[in-house]
1. Taking only protein heavy atoms and a 1.4 Å probe, what accessible area per residue, in Å², does the range 783-995 have with all protein chains in place?
2. Describe numerically, in nm with one decimal, the distance between label points set 7 Å from Cα along Cα→Cβ at Lys864 and at Gln826.
3. Say the dipole of the range 783-995 comes from +1 at the beta carbon of Lys and Arg and -1 at that of Asp and Glu; which of Gly988, Tyr861, Leu957 then lies farthest toward its positive end?
4. Let me check I've understood the local charge: for Met776, count other residues with C-beta under 13 angstrom from its C-beta, Lys and Arg +1, Asp and Glu -1. What total comes out?
5. Quick check on the range 174-290: take the gyration tensor over C-alpha atoms, sort the square-rooted eigenvalues as a ≥ b ≥ c, and tell me if it's rounded (a/c under 1.5), prolate or oblate.
6. Could you order Lys712, Lys180 so the one with the most accessible surface comes first? Probe is 1.4 Å.
7. Extension gain Asn383-Glu103, at 0.36 nm per residue separation less the Cα-Cα distance, in nm?
8. Carbon and sulfur together cover what percent of the accessible area of the range 783-995 at a 1.4 Å probe radius?
Amino acid sequence: MDVELLDVTTSQFPVRDQALLNFSERKNVHRFRKYLHRLDNLELLRCGTKESNFDDWIIVEGIVEVDEGVTDFSGELLHIESISALRSRILDGSVTQMDANGEGIIQNEVFFTKHCCETGYIPSVGDFVRVQAIESHQGRLLWRALTVVLLKAAHQGTQSHTSGQDKLTENKRDELVQDKNGIVLSVNKVKFGNLQIGETKEIVIDVKNFGNSMQLLLRGCFHSKRADSQLTLLTPHCDDKFKIYTGQVIKYKFVCQARFIGYSTETFVFSFKGFKIGCQFDIEVRDKSLENVHTTQPSNCNKKDLIALQRNVQNSKSYQVIPGSRTIKPPNFVQFRLGLFPVPQRLWNLILSSDGVSKKLIDLEEDINDKLPHLNADLDIYNYTNRFHDLLYFEEIQGNIDMRKYDMDRVNFRFAGPRGFVHKVLQKEIWVKFHSTFHSKYDMSDYRLTFQLSRTYLRRSHAAVNWAIQRLGQEMLFPNKVVPKTQQLIFKETDKDSTASKSFVQVNNVSELKLHTLEENKQLVWFNQRLNFYQKEAVRNILKGEARPLPYVIFGPPGTGKTITLVETIMQLLHLIPHSRLLVATPSNSASNLIAERLVDTGLFLPGQLVRLVSYNLMAKGLLPEKLIPYSTCADITSCDEKTPLEEEPLKLSSNAKTLGRHRVTIGTCATLGLLHMMAFPHGHFTHVLVDEAGQATEPEILIPLTLINSKTGQVVLAGDPLQLGPVVTSFIAKKYGLGESYLSRLIHRFPYKRDTIGFPNTNGFDPRLVTKLVMNYRSVPEILNLSDSMFYDSELESQVSQTTGPEAELLMSLADILPNRSEDQGPPAIVFQGIRGRNLQEGNCPSWFNPQEVVQTIYYIKKLYAAGLSPDDIGIITPYQRQVQELHSVMSSLSELEALPKIGSVEEFQGQERRVIILSTVRSMVNYVKLDVRHALGFIASPKRLNVALTRAKALLIILGNPHVLGTDPYWRYVLSYIVAHGGYTGCNMPSQFECIDMDSDDSDQNNDLAEYNC
């Protein structure tokens, strides 16, 4: 091993993300002959810059030119192959210091900045975090954080209804409402009882002096400076001053108008010279509509015997199993058959305890550490295959366990007429068709009906995992450097109208062929002339392909036109590279339909040029958009039931490999495109693979289309947002150990994809050869956009929607009467937080919840929005709990004035969608259930990606319903609340103490200046 110690300076940060360094030249005067020595470990004393103030210790692997006669092998560094930290560590600790500049210290030994924190996390002193740190010279500190991940917020998870800070405030409030210095209030704590919404009630508070000396009452005011309150002081005026002599009484008359559903507390403070006395008003407001919101009877969800389940799944051959009859006949011959990939018995034994119950999480993690150490190790090329196979197995096990709730005991079959074999699922019945021998001999006996998880998707994912290393290699799976390549296209932009060319065929005759150029000097004409600079830059960089075979990433935050950019990329690749053949993949059918429709809408594709590959199930349910029917087909379907109603459909029910392979563009879901493997499509048949919504696919899922590319000659493009919701994974174990992280997210968090604002200051911190971040937002008004932008996107997004003019501004003005009041120059708020201290109700043993108070408040807003002229298509209602979705549907459907309902669904159902108005019902109203939400991955607490999606669906108005005292325990929501309060968008119940604006300890010294004038 040849080792040399060199002094290094650099102009880029961070060190471990460094691709090129500027080395000081070292030439030996005694050099006679030159050799190239490969260095396995080349240590560098320090790497730091004046700009970044980082002084790190690193190791570089590279090639140095040295002289034969020099013993220390000093010489000129010719090539750098990798850079790593000299020492690194991972530790858990608390944030001990934090300043206004975003710099802090963890556990009094690790320096960190806000930029190295996980996206959306705003650090606070006392937060408990996990840190990945490297050895560095930071004054008295020896470590610098590369990544900081929140484990527990300073006030998160407390079992009381208030945080520690709120408890202190409650103590102060209790002291405040005590009579002092002879001044006595007739009532210190007023309970209005249960008021109906809209009801008014008056009360008079007597302020009497029982002391021996006169007391000066300077003023009276409500504790919070919010103008939006349910209480109003009728007489006297707040700023009226009184000398209250012994025995004298001053009457204060209040009126309460019930406006906010749920429980709230307001405090009125009487400020005397030298002391204060408070009067607390407790208000609970109900609505008659709540009578329709009730808890249904708990469902009978007895636990299944998991050992029996295991036997049913693993040893089904020992039972008499009646074979089913498929809705479609499988082909007689398949070019390539996938492996079965059965779940290993060892993993079933790992999940289940000896008594058939799932193991406790702590015990399960201990067993995994002992028996599956590769799951805890860093993902690398050596454990890649085994790790993802095991994660897929865990996901399948969880899927089978979840399917058990649909099993039926003592099932009696009945014939449904001559066509009873039609497969249908009704509300209370299931229509099934078995083998003909069973139908002829069935004697009306009872049977046990067990449903099994479809394994097609899982088998295709397992197969792709097996092919990944061989077909994609370490360079694509674990990139660690950029090796620049010559551009795949040399092109020149022109202002020529793109409509001049309506075909992707460039050469029509011999004379044109003589004048035709190859890949050089192409004319780049934009099909979509309205693309912005960043969208065009993404297309240019993809066409150049200077970092091939590394995937190119279109980083598309919400509303920035990611799919439009991908459509233009497809058009340009077809136009400028005539021999190209493109495979376009998405995780969902809706995303595939969207991009296919966008391409068809250009008018440049005939059915023979573009194909939408679909499953038979999708066609059978009639879920294809009409315009895509001429372009759609199934694969490997050779025949179907003679009486299938689909026989009249104008769809090509069967397309062989030869037919499918001739299309220039093939579009489908990642899972469906696995059929191409079974049809033995040659490796490299497609020149380009483009994946839209890549952040929503698991890594094995995205490998299905990627393994069809030739990594040496092809090109991969990934479009998506790693900061929004990732893949849907049901197994907690599979999600924890990596299946919940997409390939896109994994890439964007490692060198050379990782953000480096000093190295690439002009491209939003990303290497333009690998990533383009789209920053121009066409969806939301600035007030909505700026919230998520500051939390997740480094305040780089630019709203292209006006909040002062145009349709969105007009909508806000039309709704001003139902929104909190702000100054005229600000206009109505675009984000409203309606504070509701309601109740959480649960159905049976199910972990889903609903909040009746938020249901009523949602209906109130819906009625007002409809009255303002909005249609159901303009509105969306997002809630994280399925039980809340059901309750909203039930109550709203029972109201005659609501003829049509807006879409109501989870965050996952709204990803990729937008509405003019979004109502977000957070449901959770009890702090002691927050830990349950975190454990079951429910709700918005400790889920920044889910929160990000929810905040970015609205175009003009976002209304959030929630309990600020609960949500404020989460650091992400704490920031959201601070933002909304600062922008005057809060209304509803009293806010947590950290957002209140009146200091209960102040003595109103500013009022003393008016004393002389008053005494006169």
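1. Numbers: 7090 Å² over 213 residues.
Each residue of the range 783-995 exposes 33 Å² on average to a 1.4 Å probe.
2. 1.7 nm
3. Checking the options against the dipole of the range 783-995, the answer is Gly988.
4. Numbers: positive: Arg530, Lys536, Lys562, Lys773, Arg779; negative: Glu537, Asp789, Glu796, Glu798.
Within the 13 Å Cβ shell, the charges total +1.
5. Values: a/c = 2.35, a/b = 2.24, b/c = 1.05.
Prolate.
6. Details: Lys712 165, Lys180 50 Å².
Ranked list, largest accessible area first: Lys712, Lys180.
7. On the way: separation 280, 0.36 × 280 = 100.80 nm, distance 3.66 nm.
Result: 97.1 nm gained on full extension.
8. Taking all protein chains in place, the range 783-995 shows 46 percent carbon and sulfur surface.
The values are calculated or read from the model by the stated rules, or taken from the named source; none is laboratory data. Keep in mind that this is a model prediction, so the values were computed, not measured. Reconstructed Cβ throughout: ideal geometry from the backbone, glycine too, with neighbour counts over all protein chains shown. Each accessible area value is taken on the protein alone, full model and side chains, heavy atoms only, with ligands, DNA and RNA left out. Shrake-Rupley method; radii C 1.70, N 1.55, O 1.52, S 1.80 Å.
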